[in-house]
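Note sheet for the following structure.
Throughout, read-outs are computed from the coordinates displayed, never taken from laboratory work. If you're wondering where the values come from, they're calculated on a predicted model, not measured in any experiment. Note that each Cβ is placed from the backbone with ideal geometry, even for glycine, and that neighbours are counted across all protein chains shown.
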Amino acid sequence: MSDPIATCLAGALSPELAIAQCLLQGDSPATLGTRVQRARTDTAAWYALDRICADTDRIARLQHMIAVAGVEHAAPRDPGSIALLFDRAVAVSPEASVALYSLGDPARLDLATSEVIEWLVSETWLRPGMDVLDLGCGIGRLIPATAQVARSVIGLDVSAGMIAEARHRCAGLPNLRLEVGSGRDLAGIADRSLDLVLAVDSLPYVVQAGLADVLAAEIARALRPRGAWVILNLAYDCAPDAEKATIAAWCDRFHFAPRRLGVTPFRHWDARGFVVERLD
Ligand SMILES: C[S@@+](CC[C@H](N)C(=O)[O-])C[C@H]1O[C@@H](n2cnc3c(N)ncnc32)[C@H](O)[C@@H]1O
């Protein structure tokens, strides 16, 4: 297991991501503080780590969220238990439940969200007039900006708690439909009705549930020709070659063409991005 603090001090991980990874590795506020003190260097990154650790209430809340939700990325889980995990997490901290590296801070989450939206627009994956599905939309942090550009947005999530939070945050958007789904299909979404499917940090849970091929087939069904599927994080703890092999297999089976493979375009988030386009 790599040491997130050392990786951060080497400049390869932001302090927020490093702290989030330590918490996922089981650190408590006390062990985290000790770990950071032991690694002391006279660098901006170290001082940033130290400042985050000094907010022990915040760290304890994040640790509590991980404990009640039972975040475990390796073991197989069915969609029902994934829904329960996110129902519990969102009740503790909506921001941290969708992006632990936000450390539960709305301003940090907004920075990361803006960066994703700017990338989608600058790469023209998100364009005016599109019909968009946000698969695993969580609290809907991408939806207001997406709905401003798109013709319509569907936010779909397996967690009722997430959708309740998204309804609250996205209230009043006239071109938005929010739905709790089974996690196993895109029921209720017509064939060839979408121009863009976003899967922002939701695919790892679909993979964990063993449903990635099933949902890839559903997405291929629901996309129009030339429609794009943007995946930010495909799986956790997966070798880059294995990710590329998965994408290649989907391209063969479901008539996609690869457009981006394993790009890392963000400063605030270390997601690996993949984009495939539906062929005719
Ligand atoms: C880490 S959160 C990311 C949420 C949101 N995309 C974001 O970036 O803010 C992962 C989300 O995927 C949802 N999810 C997991 N498996 C799913 C599935 N099979 N179908 C739909 N949503 C799913 C979870 O409930 C959770 O809201």
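Brief remarks on what is shown
Each row is one residue, and each column tells you yes or no for (1) part of a helix (DSSP H, G or I); (2) among the charged types (D, E, K, R).
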| site | (1), (2) |
| --- | --- |
| Gly26 | no, no |
| Thr41 | no, no |
| Met65 | yes, no |
| Arg77 | no, yes |
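- Residue list for the range 114-157, restricted to those being touching a Pro at 6+ places or on another chain (Cβ under 9 Å), among the hydrophobic types (A, V, I, L, M, F, W, C) and over 18 Å from Leu232 (Cα atoms): Ala147, Val149, Ala150
- Of all the listed residues (Val92, Val68), the sole one being of a type in the set (Val, Ile, Thr), within 30 Å of Gly183 (Cα to Cα), surrounded by fewer than 15 Cβ atoms within 10 Å (Cβ to Cβ) and away from the ligand (no atom under 12 Å from the Cβ) is Val68.
- Number of residues in the range 134-160 that are more than 10 Å from the ligand (Cβ to nearest atom) and in contact with a strand residue (DSSP E or B) (Cβ under 7 Å, 6 or more places away or on another chain) equals 7.
- Met162 vs. criteria surrounded by fewer than 22 Cβ atoms within 10 Å (Cβ to Cβ) and in contact (Cβ under 8 Å) with a residue 24 or more places away in the chain: no
- The number of residues in the range 174-207 being under 18 Å from Gly227 (Cα atoms), near the ligand (Cβ under 8 Å from one of its atoms) and surrounded by fewer than 21 Cβ atoms within 10 Å (Cβ to Cβ) comes to 0.
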